[in-house]
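The values are calculated or read from the model by the stated rules, or taken from the named source; none is laboratory data. This one's a predicted model, so the numbers in the text were calculated from it and none came from an experiment. Because the Cβ atoms are built from the backbone with ideal geometry, glycine has one as well, and the counts that use them run over all protein chains shown.
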Amino acid sequence: MKDISGKVAVVTGGASGIGRSLVKELLAADARVVIADVEQKALDRVLQEFSANGEVMGVVTDVSSAQSCEALADQVYDTHGACHLLFNNAGVAAPSANVWETTANDWTWVHGVNVHGVMHCIRAFVPRMIAGGDEGHVINTSSGDGGVSPLPYQSVYAASKAAVSCLTECLAAQLLTEETKLGASIFYPSGGLLDTGIWTTDRNRPADLAREKPYAPVPTVQDFKIAAEAAGMELPIQDLDELARYCLQGVREQRFIIMIGLESAEATLLDRAGRIGRAELPINLAEVPQL
């Protein structure tokens, strides 16, 4: 989709972080934007911030609920009659833990949002997008943590993002073989350390999915940066607006993978492939920062 102007774009998790920057850049490109977010107060703030920037509306949405995603699609189509760009961006993370120290609720909550949320929105929107007959695109936010190589202490989150990458690959292939006018891309937020709400997503964790046992304090962005530097990895902070502009350019260029510094991912994946070919652990532990 080379021309975003006038198109209807839906952004889940759009009230903060990367989602907020996507909304900002979509409005700058003259798109009509629908912000979906589970946080009413954050949604109100971003609507107030961007109301003068273009045509924008907000819908409180819990992507882990199929019913909530269907209600979002109903409202989008009732208001605009179309959806051309679907950004499945909402995401959460559980605290770092060994796999055997995670809890059932960690997996239910994170995968409910990160994986089921993407699936629910695809099921709610894509059939209507196909039926509408317009050119369109689905952009699923994954992560290099899981989508490229998992950080071992982030097993719950990494597994969810690996699933999003696989799901998107299947979706893109199906949209092509079914000869639709839609495409799909994986968006890997990249370019440096990302100072977003993903570090504090526990604020939105439902009471009925609270962790069944205490966990260690959640590291801050600064903690992670210090740990990475101690491992010899330089991780500058990535500007989120710049990242959003890069994502939109990737959509215009119809790239399946949208990632700053994609060559580094290629090197990592080649190394992993070699390790797999030798029947070794694919994760290079020497390159994993420890907290």
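Of note:
- Single unsatisfied condition, His137 versus (1) under 18 Å from Lys2 (Cα atoms); (2) surrounded by fewer than 20 Cβ atoms within 10 Å (Cβ to Cβ): (2)
Conditions tested, residue by residue: (1) modelled with pLDDT under 95; (2) surrounded by fewer than 24 Cβ atoms within 10 Å (Cβ to Cβ).
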position: Leu26; (1), (2): no, no
position: Asp37; (1), (2): no, no
position: Arg45; (1), (2): no, yes
position: Ala52; (1), (2): yes, yes
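- Residues satisfying the stated conditions in region 218-267, i.e. surrounded by fewer than 17 Cβ atoms within 10 Å (Cβ to Cβ) and small (Gly, Ala, Ser): Ala227, Ala230, Ala231, Gly232, Gly261, Ser264, Ala267
- Test result for Ala52, of a type outside the set (D, E, K, R), part of a helix (DSSP H, G or I) and free of Cβ contacts under 8 Å to residues at least 40 places away in the same chain: no
- The set of residues in region 57-86 being of a type in the set (Val, Ile, Thr) and either free of Cβ contacts under 8 Å to residues at least 12 places away in the same chain or assigned to a strand (DSSP E or B) (or both) consists of Val59, Val60.
- First in region 197-210 and at pLDDT below 85, second anywhere and part of a helix (DSSP H, G or I) and surrounded by 17 or more Cβ atoms within 10 Å (Cβ to Cβ), Cβ under 6 Å, 6 or more apart: Gly197/Gly17
- Selected residue [small (Gly, Ala, Ser), buried (at least 16 other Cβ atoms within 10 Å of the Cβ) and either in contact (Cβ under 8 Å) with a residue 24 or more places away in the chain or outside any helix (DSSP H, G or I) (or both)] from Ala158, Ala163: Ala163
- Selection status of Ala172, under 23 Å from Val10 (Cα atoms), assigned to a helix (DSSP H, G or I) and in contact (Cβ under 8 Å) with a residue 60 or more places away in the chain: yes
- All of Ala244, Ala279 fail the test of being more than 21 Å from Tyr153 (Cβ to Cβ), modelled with pLDDT of 80 or more and in a loop (DSSP other than H, G, I, E, B), apart from Ala279.
- Hey, Gly191 at pLDDT 80 or above, over 24 Å from Lys41 (Cα atoms) and not in a loop (DSSP other than H, G, I, E, B) or not: no
- Single residue of region 73-108 satisfying the filter (within 18 Å of the chain's Cα centre (by Cα) and of a type in the set (A, V, I, L, M)) that is surrounded by the most Cβ atoms within 10 Å (Cβ to Cβ): Leu86
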